[in-house]
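The values are calculated or read from the model by the stated rules, or taken from the named source; none is laboratory data. If you're wondering where the values come from, they're calculated on a predicted model, not measured in any experiment. Methodologically, a virtual Cβ is constructed for each residue, glycine included, from the backbone with ideal geometry; neighbour enumeration extends over all protein chains shown. Please note that ligands, DNA and RNA were not included when accessible areas were found on the heavy atoms of the full protein model with its side chains. Shrake-Rupley method; radii C 1.70, N 1.55, O 1.52, S 1.80 Å.
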Amino acid sequence: EERITDLAYTNGGVFFAVYVSQFTTPAMRLVELIVATLAAGGLGLWLERKYRHFGGVLFGASLAMLFFAAFGAYAVPPLKVIEDPAWGTAWQFAAALAIVAAALWRDSSVIATMATLCGFAACYFSFVQGFVDFALVAAFALSAGAVALGPLRGWTLPGQLSVPLAYVIYGSIVGMGWRSAEEAPDFVGAMRYPLAALALFIAADWHAPRRALSPPPRTRK
């Protein structure tokens, strides 16, 4: 329910910036969306003192609006003010890092999960824009950061979420390369990333293989 409410507030802010202000320039629409984002975040923090749930939802929605503003500044025509895809990618990662900082500040695993999703969205965006090596390195670094939140903060969901998403990025890159390759692909080179990621995810829970192999404890009758 909380995530649905977050989505509703985010869509409301986006609708205001893109459609209600349709007679203004893209730069003005983007500024309006950023101002609305900051206002929603500030109002959410203020309301948390009396209405904790509602204020937290509003603050979370403002973070989602922040990432959309960074994404829309390059990829959404009514908000587009950035022409260079490298800058568009950089702003998305900056927004994802801001959400990570908010998660640590608010001590919120939900916000950390949102940051993980936004980070991998930025990774996929950078892959689509042609920054293949950067997307792969960023996906691995993001996975390492998400996994580290488990032992550091006790937040396991970001690390669990990064497992399929890391391989989605890898699969997209390898699939594109193999389709366009004129020669046989380098199998050994292609296996470096999945093996490194596998080692990372196993290291996150190094007790898992032992638990899987050990028999369940006997119960006394």
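A few comments on the model shown:
- Interchain or long-range residues, amide H under 5 Å from Trp155's placed H: Gly150
- Of the trypsin sites (Lys or Arg not before Pro) in the stretch 27-99, the ones in a loop by DSSP (not H, G, I, E or B) with at most 12 other beta carbons within 10 Å are Arg49, Lys50.
- Chymotrypsin sites (Phe, Trp or Tyr not before Pro) within the stretch 24-86, DSSP loop, no more than 14 other Cβ atoms inside 10 Å: Tyr51
- Phi to ³J(HN,Hα) by Karplus 6.51 cos²θ - 1.76 cosθ + 1.60 over the stretch 100-116, Hz, x for Gly, Pro: 4, 4, 5, 5, 5, 5, 8, 6, 10, 6, 5, 5, 5, 5, 4, 4, 4
- Whole-Hz ³J(HN,Hα) from phi, Karplus 6.51 cos²θ - 1.76 cosθ + 1.60, for the stretch 160-168, glycine and proline x: 5, 5, 6, 4, x, 5, 4, 7, 5
- The stretch 55-111, accessible area per residue, ligands and nucleic acids excluded (1.4 Å, Å²): 41
- Of every Cα-Cα pair in the stretch 31-89, the percent that sits beyond 12 Å: 65
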